[in-house]
Every structure is written in structure tokens, then in C-alpha cells.
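Undergrad: I'd like to ask you about the structure that follows.
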Amino acid sequence: QSVLTQPPSASGTPGQRVTISCSGSSSNIGSNSVNWYQQFPGTAPKLLIYSNSQRPSGVPDRFSGSKSGTSASLAISGLQSEDEAEYFCAAWDDGLNGPGVFGEGTKLTVL
Amino acid sequence: EVRLEESGGGLVRPGGSLRLSCAASGFTFDTYSMNWVRQAPGKGLEWVSSITSGSSFIYYADSVEGRFTISRDNAKNSLYLQMNSLRAEDTAVYYCARVRSRELDYWGQGTLVTVSP
């Protein structure tokens with residue numbers, strides 16, 4: 001059972017804005033920054049958002065992240081068919097014997 | 001260009017052992033912490049183990065503590081994961097990933113470990 005809770009699925013039509021939520025606790029999201037990873041089937045995850053809202057070089061500004069309290073969100077505006085992928089949130093957890101916990105993942109479908 | 005390439009996966013019987021390797025290139029390996037992350041078929045990501053740049057601090061997920069050992073050879077730009085007493089639930093694609101600050105900024109392509117009789 002993952003420490004971070006995400007909806008299993010999300011969907012939208014091209015051009016729409018979609019948000020994916022990630023809920024945690026005071027020991028993880030509440031006291032650490034959140035990162036988001038994008039994964040296409042059969043490929044390795046790719047860093048999409050780090051430190052709650054920062055985009056690595058090459059990530060379109062259609063992708064944005066935010067954090068409030070013990071929850072975080074990933075927003076995708078101007079949805080495109082190539083955004084169809086699985087999205088995972090992650091954060092350090094001060095209460096666990098290790099540096100990282102992941103969300104369960106959200107499968108985004110572009111209708 | 002940063003590259004991480006895992007190897008060593010395969011089919012192993014329950015109770016058996018495997019050693020995974022991750023060859024790094026394109027960056028100063030000995031200045032980065034490294035992680036192993038796994039993904040069971042059709043499932044999400046699970047952090048497995050982490051090692052700091054000089055091997056001073058090592059962490060394991062509870063699910064592998066006592067069975068897996070992470071190590072690195074900075075002279076060879078390589079990361080390792082020795083996996084003993086393997087169980088069916090260890091079946092997964094294993095990724096090595098570089099830790100930048102608290103994010104995993106580069107990942108390898110993964111190596112599949114299948115534990116089955």
C-alpha cells in the first residue's frame with residue numbers, strides 16, 4: 001500500500017486542462033517537496049516536475065505542479081494526445097527508513 | 001549525455017540470488033547518490049535502496065532489508081544490487097536512478113528480474 005494516494009485514472013479531451021492529485025501526510029508531503037514522474041508503457045519513468053513546481057529543461061510549460069499542506073497537484077493544460085501516460089508523485093518521508101515514497105500512479109487517457 | 005545502463009536481470013528460482021549492475025556515464029558518478037527503484041508487472045513504482053556518493057549512508061525498503069545489498073564502485077562508475085533469498089514478490093523491472101537533490105533526475109532503461117520455480 002503506497003503512502004501517497006493518487007486517483008487510479010484521469011481523462012480529458014485535447015485542449016482541456018486536467019489535474020492529478022496526490023495526497024500524503026505531515027511526514028512526507030507536509031514536510032518535503034514533491035516530484036512528479038511521467039511514464040509511457042514499456043519505458044522508464046522521466047522526471048517531469050521537481051521541488052513542487054519546477055520543470056526540468058525540455059519539459060513543456062503546459063505541465064505545472066503545486067503543493068498545499070499535505071497534498072500536491074499536477075496540472076496539464078492544453079492537453080495533447082502524446083500526454084497519455086502514467087503519472088507518479090513522489091516525496092521524501094521523514095518517518096520511513098529511506099528517502100523515497102511514491103504514489104500509486106494515475107493513468108491519464110486523452111479521449 | 002547522462003547514461004545509466006542496467007544489466008544482470010533474468011529468471012531465478014525462489015531462494016536464489018542475482019546481482020544487478022548499473023553502468024553510469026556522462027557525469028561525475030562519485031558526486032551523486034544513487035537509487036534502485038523497482039516496478040512489478042502492471043504495478044506502481046517502489047523505492048528499493050539508496051546509497052550516498054561515498055557509500056556512507058545506505059538505506060533499504062523494509063521489504064528487502066536483510067536480503068538485498070546495495071554497493072558502488074566509484075572507480076568503475078558502477079552501482080550494484082546483490083539480491084539474495086529472492087521471492088516471487090521480487091519479480092519486477094529494476095531501475096537504477098541518479099539522485100540530484102531529492103529527485104531522481106535520470107533513470108536507466110531497467111532490467112527485468114523474474115522469480116519463478
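Read-outs: derived from the displayed coordinates by stated rules, not from any lab. Since the model is a prediction, treat every value here as computed from it, not as a measurement. FYI the Cβ positions are ideal-geometry reconstructions off the backbone, even for glycines, and counts take in every protein chain you see.
Undergrad: Please give me the summed charge of the neighbours of B:Val2: other residues whose Cβ is under 10 Å from its Cβ, Lys and Arg +1, Asp and Glu -1.
TA: Overall, the nearby charge balance is 0.
Undergrad: Over all residues in B:96-107, what is the mean tally of Cβ atoms on other chains that come within 10 Å of each residue's Cβ?
TA: 6
Undergrad: Along region A:73-84, what does the Karplus equation 6.51 cos²θ - 1.76 cosθ + 1.60 (θ = phi - 60°) give for ³J(HN,Hα), rounded to whole Hz, x for Gly and Pro?
TA: 9, 10, 10, 10, 9, x, 3, 10, 4, 6, 7, 5
Undergrad: Å³ per residue of the Cα convex hull, for region A:7-111?
TA: Once divided by residue count, the hull of region A:7-111 is 93 Å³.
Undergrad: Among the lysines, which fall within straight-line cross-link reach of A:Lys46, defined as a Cα-Cα distance under 21 Å, with same-chain neighbours fewer than 8 residues apart omitted?
TA: Reachable lysines: A:Lys67, A:Lys107, B:Lys43.
Undergrad: In addition: Only loop residues by DSSP count here, and only those with at most 10 other Cβ atoms within 10 Å; note down the GluC sites (Glu not before Pro) in region B:1-105 that meet that.
TA: Filter output for region B:1-105: B:Glu1.
Undergrad: Quick one: what do you get for region B:38-86 if you divide its Cα Rg by 2.2 N^0.38 Å?
TA: Rounded to two decimals, the normalised Rg is 1.23.
Undergrad: Ignore the peptide's own chain and count Cβ atoms of other chains within 10 Å of each Cβ in A:43-51; give me the average, rounded.
TA: Counting Cβ atoms of other protein chains within 10 Å of each residue's Cβ and averaging gives 5.
Undergrad: May I ask for the net charge around B:Ser25, where only other residues with Cβ less than 12 Å from the Cβ of B:Ser25 are counted and Lys, Arg are +1 while Asp, Glu are -1?
TA: Within the 12 Å Cβ shell, the charges total +1.
Undergrad: Net charge within 14 Å of A:Pro7 by Cβ-Cβ distance, Lys/Arg positive one each and Asp/Glu negative one each, not counting A:Pro7 itself?
TA: With Lys, Arg at +1 and Asp, Glu at -1, the net is -1.
Undergrad: Taking the Cα atoms of the protein assembly as shown, what is the range of coordinates along each of the three principal axes, in descending order and whole Å?
TA: Sorted largest first, the three principal extents are 49, 39, 36 Å.
Undergrad: So what is log10(I(q)/I(0)) for chain B at q = 0.13, 0.16, 0.23 1/Å, when the Debye sum runs over its Cα atoms only?
TA: Relative scattering, expressed as log10 I(q)/I(0), comes to -0.44, -0.67, -1.36.
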